[in-house]
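Colleague: Supplied in structure tokens, the structure appears directly below.
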Amino acid sequence: MCISVCPGGTHHPIQCIVPPHMLRVIALRGDERTAEMARSLLKQNQKLRQEREDHPHPCNQGDEAPAAIAGGGNTRAGSTFTPDRRVHDGQQKAALPGKLLRGEGDSPSDNADVDLMYDAMGEVFSLYADQFDRNSLDGSGLALIATVNHRRNYNNAFWNGDQMAFGNGDGQLFRTFMDLSVIAHEMTHGVIQYSGGLVYQDQSGALNESIADVFAAITQQRQLGQAAHEADWIIGSELLGPAIKGVGLRSMKAPGTAYSDDLLGQDPQPFHMDNFLSTSDDNGGVHINSGIPNHAFYLFCMLLGGNSWEKPGQIWYRALQELNNPMASFAEWSDQTVAAAIELYGTGSPEALLLRRAWKLVGLPT
Ligand SMILES: [Zn+2]
């Protein structure tokens, strides 16, 4: 059963990895060709959103109540779940999903992007199955559908409520979108959608973005076997092209420092509530203010030590499953994570105390 809920039965928004604030700066500062690319991407995003509004997701036809489905209805031990991956070649066209090149259990294709996507989706599936006892994005074995080579020189990747699509980048601004953190980020939008959802606007939208980044970082660190203090905490470290001065799209360790570039401008993310940005742009700054809860997760992992996918991941995952408010504010989310820490590890536990300290350091006393 599909249980994603947006109040009032509204559509699932398209969730793109390259935020509109970046594209707007490129449209203003880029040379003629680059500015045109940014304008056309902004227009495409608008069109995708409009299409979703005109053809609402079937999930939203009913008015099912939001429900947490950790592990799903047909729960078994996490490690025995098996994914159902379907990777398509978009053949540089706009139509989705494109030509199926590799299904579950198929031997490697002769397309490197297809095989990279297949392996990366397996990595994310395994994180959710083995660490959180969750069978795929919906908890019930949902097929993982992805399209690579989406459009020509396309500078974005997105989750549209049903599947993921990845461009190849133009080779200058963006060299690729085939990055495990980006793939995990987009798949986590699916997990959030099927966990009761977080409305993609203002603070709940920034939480949606932040939780997608948190599980992206967790996936990457688990795959590399890195403890919290060994990781770079960068989202999209593979993405930026040779023309750009920066280390990635976002930094959870130091929000606001991922890039500083003549064309892209300065990474606008705050790391403290004092610098919370009130804006109507970017659905109310969902990709900007996400820096604050991102940094709280980073601080908690560093204060606690060890691996992000163990205790911190368990706390964030439990809080997401128990959150029963698709329009949650940062304050409500921080309280929910502390409640999860107390349930898992006890009121006076170091986990609960250090988590409170982390939230306080970003201006959110719980
Ligand atoms: Zn996103």
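Colleague: Suppose we keep just the DSSP beta bridges with both residues in the chain; what percent of those would be antiparallel, to 5?
Modeller: 70 percent
Colleague: What is the distance in Å between the Cα centroid of the range 227-277 and that of the range 324-348?
Modeller: Rounded to whole Å, the Cα centres lie 27 Å apart.
Colleague: Next question. Using a basic spin-label model with each label point 7 Å from the Cα along Cα→Cβ, how many nm lie between Ala112 and Ala94?
Modeller: Once both label points are built, they end up 2.9 nm from each other.
Colleague: Are there any helices in the chain, counted as whole DSSP H runs, that stretch 24 Å or more along their axis by Cα and score at least -0.5 on average by Kyte-Doolittle, and if so which?
Modeller: 202-224
Colleague: For the chain, with only Lys/Arg (+1) and Asp/Glu (-1) charged at the beta-carbon, what is the dipole magnitude about the Cα centre, in debye rounded to 20? It would help to have the intermediate numbers written out before the result.
Modeller: On the way: 27 positive and 42 negative charges, 61 e Å.
Dipole about the Cα centre, nearest 20: 300 debye.
Colleague: For every other residue with a beta carbon closer than 15 angstrom to the beta carbon of Trp359, add +1 if it is Lys or Arg and -1 if Asp or Glu, then tell me the sum.
Modeller: -1
Colleague: With the full set of protein chains in place, find how many percent of the accessible area of the range 202-361 is carbon and sulfur; take the probe as 1.4 Å.
Modeller: 50 percent
Colleague: When the helices in the chain are scored as -39500 (n - 2.57) per DSSP H run of 4 or longer and the sum is shared across all residues, what 222 nm value do you end up with, to the nearest 500 deg cm²/dmol?
Modeller: -12500 deg cm²/dmol
Colleague: Using a Gaussian network for the chain with springs between C-alpha atoms less than 10 Å apart, which of these wobbles most: Pro108, Pro83, Pro312?
Modeller: Comparing Pro108, Pro83, Pro312 in the GNM, the peak value goes to Pro108.
Colleague: Also: Between Lys43 and Asp262, how high is the FRET efficiency from 1/(1 + (r/R0)^6) when r is the Cβ-Cβ distance and R₀ = 25 Å? Nearest 0.05. List each step's numbers first, then the result.
Modeller: Numbers: r = 24 Å, r/R0 = 0.97.
Once the sixth-power term is evaluated, E becomes 0.55.
Colleague: Got a number for the accessible area of Tyr194? Probe 1.4 Å, square angstrom, nearest 10.
Modeller: The accessible area of Tyr194 comes to roughly 20 Å².
Colleague: Something else about it: If you place +1 on the Cβ of every Lys and Arg, -1 on the Cβ of every Asp and Glu, and leave all else neutral, what size is the dipole of the range 202-361 about its Cα centre, to the nearest 20 Debye?
Modeller: 460 debye
Colleague: Related question: For Ser280 and Ser329, compute 0.36 nm times the residue count separating them, minus their Cα-Cα distance, and round to one decimal in nm.
Modeller: Numbers: separation 49, 0.36 × 49 = 17.64 nm, distance 1.66 nm.
Length difference between fully extended and current span is 16.0 nm.
Colleague: On the principal axes of its Cα set, how long, how wide and how thick is the chain? Give whole Å, largest value first.
Modeller: Each principal axis gives a Cα extent; for the chain these are 58, 45, 42 Å.
Colleague: A further question follows. Pairs of alpha-carbon atoms within less than 8 angstrom and 6+ residues apart define the contacts here; what relative contact order does the chain have, in percent?
Modeller: For the chain, the relative contact order is 16 percent.
Colleague: What does the accessible area per residue of the range 78-207 come to in Å², with a 1.4 Å probe and no ligands, DNA or RNA counted?
Modeller: 32 Å²
Colleague: I've got another one for you. Testing the spin-label approximation: label points 7 Å from Cα along Cα→Cβ at Glu310 and Arg152. State their distance in nm.
Modeller: 5.1 nm
Colleague: Provide Rg and Dmax in Å for the range 202-361, with only Cα atoms included in the calculation.
Modeller: 15.4, 50
Colleague: Taking R0 as 25 Å, what's the FRET efficiency between His229 and Thr82 from their Cβ-Cβ distance, rounded to 0.05? Intermediate results must be reported in sequence, preceding the final value.
Modeller: Details: r = 34 Å, r/R0 = 1.35.
According to the calculation, E is roughly 0.15.
Colleague: With unit charges on the beta carbons (Lys and Arg positive, Asp and Glu negative) and the dipole taken about the Cα centre of the chain, which residue among Val87, Asn283, Gly246 sits farthest to the positive side?
Modeller: Going by the Cα projections, it comes out as Gly246.
Colleague: Anyone know which of Ser329, Ser290, Ser278 comes out most mobile in the 10 Å Cα GNM of the chain?
Modeller: Maximum among the listed residues: Ser278.
The values are calculated or read from the model by the stated rules, or taken from the named source; none is laboratory data. This one's a predicted model, so the numbers in the text were calculated from it and none came from an experiment. Heads up, the Cβs are rebuilt from the backbone with ideal geometry, glycines too, and the neighbour counts pull from every protein chain shown. When the accessible area is computed, the model is the full protein with side chains, heavy atoms only, and any ligands, DNA or RNA have been set aside. Shrake-Rupley method; radii C 1.70, N 1.55, O 1.52, S 1.80 Å.
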